[in-house]
Amino acid sequence: MTSVLYDVPGPNAKRRNIVYTIVFVVVFALAAWWLLDAMAAKKQLDAEKWSPFVTDGKVWTTFLLPGLVETLKAAALSLVIALPLGALLGIGRLSDHAWVRVPVGIVVEFFRAIPVLIMMVFASALFITFTSMDSEVRPLWSVVTGLVLYNASVIAEIVRSGIQSLPAGQTDAAKAIGMRKGQMMVFVLVPQAVTAMLPALVSQLVVIVKDTALGGAVLGFGELLFQVRTITANYGANTIAALTVVALLFIALNFALTSFAGWLERRLRRTKKSGGAAVDLNVIEAGGGGGAAL
């Protein structure tokens, strides 16, 4: 019996899989025991290193929650700017005019090729040299600038590939009723491509949230990971405990984002099945039929 994706394992393969699973579990348990034993030997499991996160509310109100707010602020600003910019760049890469398509392609490939950390540092240097921006807000905008430049380029590729993944019949049908290139993008292609693009866009949002930590490590931006330094400075050498708590907060935040995206994608698919998007023919007629391309 054969599945679409793989051959169904036979009796011998099933036995081997069981053995592999048992071996993996044993090795993982031994590794976990060794790690916990090493941490205990270094007194990293002592109660005083972990208890502040349970007994002292100040560690949350003074350090962790403000850091989480800064992380969310940088991520939200980056997303709000990068998403429409990336959409415009992605549509620009599909333009019929070479004078639009080629420069946009150069910009997208250029910023995709540069590590986001370099762009953050470069943006900070530019702000210091050419602006009078206050030093308290400069790390935030340096982080946002780097994230926007990089993620807008990635989102542009997501948009381009999402639109190109649609059946050619969609474009042909839009042309048949006299739609121009811009109208075809707005009313036909982009709305249908959103569902296909959503998983990749959410993955990029998770990347944005995690990359805010680069600003804390290099530029002194007071995001969530940066607060580990201040926590250990005020509560003793509990770096392992602080990093563990911060990692759990990142996991919870990104899990919430992916869960919301999954719910939104299912809702969009149900909406798509229940009824198609209606296009106002008056808009097409007012636009003057076919002809001009984007």
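With no solvent and one equal point scatterer placed on each C-alpha of region 89-227, evaluate the Debye formula and give log10 I(q)/I(0) for q = 0.12 Å⁻¹, two decimals. Log-scaled intensity ratios, in q order: -0.60.
Screening the chain for whole DSSP H helices of 24 Å or more along their axis (Cα) with average Kyte-Doolittle hydropathy at least 0.5 returns 11-41, 65-92, 138-164, 190-218, 239-274. With Cα Rg over 2.2 N^0.38 Å defined as stated, name the option among (1) 1.32; (2) 0.89; (3) 1.42 computed from the structure displayed. Given (1) 1.32; (2) 0.89; (3) 1.42, the structure-derived one carries the label (1).
The ranking of 102, 19 by Cβ neighbour count inside 10 Å, starting from the fewest, reads 19, 102.
Stretched out straight at 0.36 nm per residue, the stretch from residue 117 to residue 17 would grow longer than its current Cα-Cα span by 31.8 nm. Each of 120, 133 was scored by other Cβ atoms within 10 Å of its Cβ. Listed from fewest to most, they are 133, 120.
When you work out D = kT/(6 pi eta Rh) for region 1-41 at 10 °C and 1.306 mPa s, using the Kirkwood radius from C-alpha pairs as Rh and the Stokes-Einstein form, the result is 126 µm²/s. Based on DSSP H segments of at least four residues, each scored -39500 (n - 2.57), the chain has a per-residue ellipticity at 222 nm of -25000 deg cm²/dmol. Dipole size in debye (nearest 20) for the chain around its Cα centre, Lys and Arg Cβ +1, Asp and Glu Cβ -1? It comes to approximately 760 debye. Two decimals is fine: what is log10 I(q)/I(0) at q = 0.12 Å⁻¹ for region 22-170, from a Debye sum with one equal scatterer on every Cα and no solvent? Debye output, listed in q order: -0.79.
Loop-only trypsin sites (Lys or Arg not before Pro) in region 1-96, please: DSSP not H, G, I, E or B, and at most 16 other Cβ atoms within 10 Å. Display every interim value, and only then the final one.
Numbers: sites: 14, 15, 16, 42, 43, 49, 58, 73, 93; in loops: 42, 43, 93.
Listed in order of number, the matching sites are 42, 43.
The numbers here are math on the coordinates, done by the rules we state, and not lab data. This one's a predicted model, so the numbers in the text were calculated from it and none came from an experiment. No Cβ is skipped: glycine too gets one built from the backbone with ideal geometry, and neighbour counts run over all protein chains shown.
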